[in-house]
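Nothing in this text is a laboratory measurement; each read-out follows from the coordinates by a stated rule. All values reported here derive from a predicted model rather than from experimental measurement. All Cβ positions, glycine included, derive from the backbone under ideal geometry; neighbour counts span all protein chains shown.
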Amino acid sequence: MATYSTKKIDYGYKEKIAVYANPVTYGKKNPVPPDGRERYEDMAEHKKRKSDENREVYYKRKILELIEIAMMNPDLDVFVTLTFRDSVTSYDVAVAEWQLFLKRLRHLYKDTRLKYICIWEYQQKRSRREHIEKGGIFHFHALMNLGYIEHAVLERIWRQGFVFVQKIPDGEQREKTIRYTVKYCTKELISRIESGEDIRGQRLFFTSNNLLRPKAYPIEEKLNLTDIIFTHLEDMVTDGSYDIKDEHDEIINHVDYAVYIKEFQYN
């Protein structure tokens, strides 16, 4: 076991320094209850409400993480939407088709290490005008590193219906486009989580294993955040603070943080 009072998170193009009021212990295994985690179906109502709240917060944080990961991978250069021609109401069937699509795509791009961040969406309407009488329709929205690909070629690889392909811009517009795209694609999922319509056990996101991801470095001593902000004053993105609470909503730690732009160094 060890402790840290500061954590540095390296996003490649920026860094976050988080300074904790109380040292954090890590490397300690959490005890596992003999009977495992309590099933949601067996929880009391107040525990279910708390679990639902935690689930909503968890996925909102995951969405923010997806945006950060997308920004760290500049070769994710196209936004792809895959839609089924016919009504598909089965999650398992839809995901199986997504996996077959990836298999065919990898066969075509043999010399490319395929990267993707994929989010699925389930809608009762394909468009404002069209209401699907018999069930709903699945969509897959994905950021991918395909470069230029003809619409007709991608449609033949998908085989199940319709495709949409859009180039992700470079430069200053990239982050704005990615934030808008991810927020748009996850809006329906968050709505389902908030209303309790989502089904636990279903994966809401799919990502390739070869994506660059944030790297966290624990630092034993408590760094002076004011000095860090002053040093990176011209490159500051944001700074602030927040409390960390336990399962009983009691404050157990306090964090002050700063985020600043750095030169992209990942290969």
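The figures follow:
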| item | result |
| --- | --- |
| Degrees, to the nearest 10: 91-108 long Cα axis against longest axis of the chain | 90 |
| Cross-link pairs LYS16/LYS62; LYS176/LYS245; LYS115/LYS215; LYS62/LYS222; LYS8/LYS48 - those with Cα-Cα distance over 25 Å | LYS176/LYS245; LYS62/LYS222; LYS8/LYS48 |
| Among HIS107, THR83, MET72 the positive-end extreme of the charge dipole of the chain (Cβ point charges) | HIS107 |
| Karplus 3J(HN,Hα) series, Hz, for segment 7-12 with 6.51 cos²θ - 1.76 cosθ + 1.60 (x for Gly, Pro) | 10, 9, 10, 9, 9, x |
| Segments 232-242, 72-82 sorted - mean Cβ within 10 Å per residue, highest first | 72-82, 232-242 |
| For ASN145, residues with placed amide H under 5 Å, excluding near neighbours | ASP77, LYS115 |
| Dipole moment magnitude, nearest 20 debye, the chain about Cα centre, only Lys, Arg, Asp, Glu C-beta charged | 1060 |
| Fluctuation leader among THR177, THR83, THR231 - the chain, Gaussian network, Cα springs under 10 angstrom | THR231 |
| Degrees between helix 172-195 axis and first principal axis of the chain (Cα, 0 to 90, nearest 10) | 80 |
| Per residue, the convex hull volume that the Cα atoms of the chain enclose (Å³) | 180 |
| Cα-based shape type of segment 47-124, given that a ≥ b ≥ c are square roots of the gyration tensor eigenvalues and the cut on a/c is 1.5 | oblate |
| Under-5 Å amide H pairs with SER208, H placed in peptide plane, nonlocal only | TYR116 |
| In order through segment 218-235: 3J(HN,Hα) via Karplus (6.51 cos²θ - 1.76 cosθ + 1.60), integer Hz, x for Gly, Pro | x, 10, 5, 7, 8, 6, 7, 5, 4, 5, 5, 4, 5, 5, 10, 4, 6, 10 |
| Top of ILE63, ILE190, ILE219 by mean-square fluctuation, Gaussian network on the chain, Cα under 10 Å | ILE219 |
